[in-house]
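In what follows, a structure is listed as structure tokens, so that the remarks can point back to it.
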Amino acid sequence: MKNIIRPVLVLFAAMTVITGGLYPVVVTAIGRAAFPGQASGSLIVKDGKALGSELIGQQFDAPRYFWGRLSATAPNPYNAQASSGSNLGPTNPALADEVKGRLAALHDADPSNTAPVPVDLATSSGSGLDPEISPAAAAYQIDRVAKARKLSRNDVDALVQRNTSGRQFGVLGEARVNVLKLNLALDELKPAQ
């Protein structure tokens, strides 16, 4: 029995040091050397202050900003520690109420907009943290944002086009617009005189 216990304890200690200490240190060092921005959370920094991450959405509900997808995280929206979807099925009345509430908020913010609402503006995502919306969702909001900021529609549309990313490698995923980056670029635009 003593012949078995000692090798087991030595192996346990060795694996603890390797997998619990050395491996994380080495992988973190390689990540920081090869991908410094991503290893630090893909933070968007302005004037030395972190404003958010490219990978986690933020709550925007003022008419002067583009709005992102709804967040299903609780208790706070876009809470990365509680990343999850709502798990509400298409026949669940709570999902219908959520969608109706968002549609009402969009209509109240821009009553003259009669275009169909893109689905990503009315529903939450699987993670509840999506930082991006579709170009259609951005286009739906251009008039509201332009009016609220006293900017020309063309200027805001051009800004959306500049902040639209295509498919990754030309084939993966869909075109998308990072809401935080777009809103930060919008804050730098001056109203038309």
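Each value in this text was obtained by applying a stated rule to the coordinates, not by laboratory testing. All figures in this text were calculated on a predicted structure; none of them were measured in a lab. With ideal geometry, Cβ positions are generated from the backbone for all residues, glycine too; neighbour counts draw on all protein chains shown.
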*In whole Å, what are the Cα extents of the chain along the three principal axes, biggest one first?*
82, 44, 33
*Say we join alpha carbon atoms closer than 10 Å with springs in a Gaussian network model of the chain; which of 157, 47, 61 then has the biggest fluctuation?*
47
*Points 7 angstrom from Cα along the Cβ direction at residue 153 and residue 49: gap in nanometres?*
3.5
*Please give the calculated 222 nm ellipticity per residue for the chain, where each DSSP H segment of at least 4 residues contributes -39500 (n - 2.57) and the sum is spread over every residue; nearest 500 deg cm²/dmol?*
-14000 deg cm²/dmol
*Calculate how steeply helix 23-34 sits against the longest principal axis of the alpha-carbon atoms of the chain, using the helix alpha-carbon long axis, and give the answer as 0 to 90 degrees to the nearest 10.*
40
*Taking the chain, how many lysine pairs are there with alpha carbons less than 15 Å apart, if each pair must be eight or more places apart or span two chains?*
4
_Among 95, 70, 182: highest mean-square fluctuation, GNM of the chain, C-alpha pairs under 10 Å_ = 95
_Using only Cα atoms and rounding to the nearest 10 degrees, what angle (0 to 90) does helix 2-17 make with the longest principal axis of the chain?_
30
*Selected from 48, 86, 75, residue furthest toward positive end of dipole (region 1-120; charges at beta carbon)*: 48
*Please report, in debye to the nearest 20, how large the charge dipole of region 25-137 is about its Cα centre when each Lys and Arg carries +1 at its beta carbon and each Asp and Glu carries -1 there.*
300
*Quick one: among 46, 100, 181, which has the greatest mean-square fluctuation in a GNM of the chain with alpha-carbon springs under 10 angstrom?*
46
